[in-house]
1. Classify the stretch 81-291 as rounded, prolate or oblate, taking a ≥ b ≥ c as the square roots of the eigenvalues of its Cα gyration tensor: rounded when a/c is under 1.5, otherwise prolate if a/b is larger than b/c and oblate if not.
2. Using the charge dipole of the stretch 81-291 (Lys, Arg: +1 at Cβ; Asp, Glu: -1 at Cβ; taken about the Cα centre), state which of Leu212, Ser282, Ile266 has its Cα farthest towards the positive end.
3. If packing is taken as the mean number of other Cβ atoms within 10 Å per residue, what is the order of 183-189, 225-231, highest first?
4. Considering only protein heavy atoms and a probe of 1.4 Å, how much of the accessible area of the stretch 81-291 is carbon and sulfur, as a whole percent?
5. Can you compute the charge dipole magnitude of the stretch 81-291 about its Cα centre, using +1 on each Lys and Arg Cβ and -1 on each Asp and Glu Cβ, nothing else charged? Give it in debye, rounded to the nearest 20.
6. Answer with one residue from Gln139, Ile165, Ile187: the one whose Cα lies farthest towards the positive end of the charge dipole of the stretch 81-291, charges on Cβ with Lys, Arg +1 and Asp, Glu -1.
7. Summing Lys, Arg as +1 and Asp, Glu as -1, what charge do residues with Cβ under 14 Å from the Cβ of Trp227 carry, Trp227 excluded?
Amino acid sequence: MSSTDTTTLVKDPGTDTASVEAGLDALDSVQIQRTPLGEVLRQKVLPPVLGVLLVIGVWQLAFSLELTTPDKLPSPADVWSSLTDLWYEGTLFSIIWTSVWRGISGFVAAVVIGTPIGLLVARVKPVRAALGPVLSGLQSLPSVAWVPAAVIWLGINNSAMYAVILLGAVPSIANGLVSGVDQVPPIYLRAGRTLGATGLAGARHVLLPAALPGYLAGLKQGWAFSWRSLMAAELIASSPDLGLGLGRYLENQREFNDMSGVLLGIVLILVVGVAIDLLVFSPLERRVLRNRGLLVTTR
């Protein structure tokens, strides 16, 4: 091989550096454009609206074809009339807020209790061996099963409501955090210990941020369990001291044999659950994905 050929095989370090800098400049020069409002409405708003309209259309068709009697399947207009009755009575928002406040406050308490339990189970092997199966079993237990026990233990009051919420939500939150911690790469923990992040500092600055996707999934499931547990408790337990929530309203309409009110109660419970997911958990999920480079940001 000639000396000329040899020199052509030798790489110029300056050429590689220039290529890297050019690539970084190209990345920096990418313009992130704001998605037009019409496109956002078409992609995000129109599909669920069309889905709701389709359900209402099928519902109205079933009513018009008289597939069953009106006392078993009222029309959408009848349910709307029940909604307007609550509006004019001034009780609509108080009914919703009674349940929403209980659900949110019980869920916050479940997060405060479930998070340290999840960390303890995830990081301490003897605790995991003892409590891991218990948490899994509690998570699979229907929340309604706790209502009679809570009423006997605490009476028909708000304490029984919160007890049912905690017993339903805490296992889901703890198990979600355990799952998230199990997926944290060990190198993160070693790097944290090298930098001095041990004990509570390591859990706060390394473990929890790294386990955030699994933890967030547990929180989302915990809220679902909280809401379902509360509705089950309100359906079964009745007392003037509890006030009128969505579950109690639903049961009252059943006792009055008012199917329009029953369907309205079901719709309101569904709307609250969907609203919490869209307003709280969906933005949190997008933020977590965006921070990890898994979601394209548009402006």
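The values are calculated or read from the model by the stated rules, or taken from the named source; none is laboratory data. Everything numeric here is computed off the predicted structure, so don't read it as measured data. Quick reminder, even Gly has a Cβ in these numbers, built from the backbone with ideal geometry, and neighbours come from all protein chains shown. Only protein heavy atoms, including side chains, enter the accessible area calculation; ligands, DNA and RNA are left aside. Shrake-Rupley method; radii C 1.70, N 1.55, O 1.52, S 1.80 Å.
1. Verdict is prolate for the stretch 81-291.
2. Looking along the dipole axis, the top candidate is Leu212.
3. Per-residue mean Cβ counts within 10 Å order the peptides as 225-231, 183-189.
4. Carbon and sulfur: 68 percent of the exposed surface of the stretch 81-291.
5. In total the dipole reaches around 1300 debye.
6. Result: Ile187, furthest along the dipole toward the positive end.
7. +1
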